[in-house]
Amino acid sequence: MGRGDRIDFPLGLFNARGIASLAVVGVLLGASIEAHRLDEYLQAARVDLDSTRVEVRLALTPGVDVADAIVREIDVDRDGVLSQREQAAYVTRVLEAVHLDVDGHTARLHPTSSRFPAAADLKGGEGTITIRADAGIPPLRPGTHRVYVRNAYHAEIGAYLSNALVPRTKQIAVTAQQRNANQSELSIDYVVGAAR
C-alpha cells in the first residue's frame, strides 16, 4: 500500500458494539504481551497444602532475549545437551533461592521431580522447565496456619506469578492469599480441620 491509499473498514466496526469488541481485543492482546515479555524469566509458583507437607510447583519459562543465558547456566559443559547431572544441579540452584516457612518456621524444600525441554526449545522461548519440590512438616493442629513462600531466583529478570492450589482434602480450607507487588512473595492463610 502506498501513502494516501484508502483503507476500507466494515461499517459495523465503528458502532458501539464494534468499538467495544476492539477494546476487549486490545486489552487481551496487551495483557498477553505484558504477561511474558521477551527479556524476562517467567516463574509461576503454585503451592499445594496438606496437613503434613507443603508442595511447591514451579514452571519456569525464559523469554527469547534471556533464554541463551539460562541455557548457558544449565549447560555448563557447553555440549548443547542438558544432562541429568546438569539438570539436577540447576534444580538445586533454583530451590536454594526459594524460601518456605510454615507458621514462622523455615521448612526445607526437597526436589521430587523435574522436567526440562530441549535446549533448542528453551532458546526459542517455547520451552518450560517444571520443578516439583516439597517439605515435610510436623502434623498441624486444627486451627489457623500460614505458609509463606518467597522466590528470589534471578530477581533481576524474574517475572513472577504465585497462587495456592485448591486443597485436595476437605480438612483444609484456604482463607486468604496476600502477594507482594511483583508476586515473588506469597502468604497463604488456611484452616486445618475446617468444616467447609
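Details
- Residues in the range 73-80 include at least one that is modelled with pLDDT of 95 or more, assigned to a helix (DSSP H, G or I) and either out of contact with any helix residue (DSSP H, G or I) (no Cβ under 9 Å at 6 or more places or on another chain) or surrounded by 14 or more Cβ atoms within 10 Å (Cβ to Cβ) (or both).
- Strands (runs of 3 or more DSSP E) wholly inside the range 89-154 containing at least 3 residues that are touching a helix residue (DSSP H, G or I) at 6+ places or on another chain (Cβ under 6 Å) and surrounded by fewer than 19 Cβ atoms within 10 Å (Cβ to Cβ): none
- Checking Val174, Val166 one by one, the residue that is more than 21 Å from Val91 (Cβ to Cβ) and touching a Pro at 6+ places or on another chain (Cβ under 7 Å) is Val174 and no other.
- Subset of the range 48-62 (residues that are over 10 Å from Thr128 (Cα atoms) and not basic (Lys, Arg)): Asp48, Leu49, Asp50, Ser51, Thr52, Val54, Glu55, Val56
- Evaluation of Tyr160 against (1) surrounded by fewer than 18 Cβ atoms within 10 Å (Cβ to Cβ); (2) in contact (Cβ under 8 Å) with a residue 40 or more places away in the chain; (3) within 14 Å of Val56 (Cβ to Cβ); (4) among the hydroxyl-bearing types (Ser, Thr, Tyr) (one fails), failing number: (1)
- Set side by side, the residues Val66, Val54 differ, and just one is in contact (Cβ under 8 Å) with a residue 24 or more places away in the chain, more than 16 Å from the chain's Cα centre (by Cα), more than 19 Å from Ala159 (Cα to Cα) and surrounded by 17 or more Cβ atoms within 10 Å (Cβ to Cβ), which is Val54.
- Test result for Ala67, in a helix (DSSP H, G or I) and at pLDDT below 95: no
The values are calculated or read from the model by the stated rules, or taken from the named source; none is laboratory data. Predicted model, so just to flag it, every value in this text is computed and none were measured. Glycine also receives a Cβ, built like all others from the backbone with ideal geometry; neighbour counts cover every protein chain displayed.
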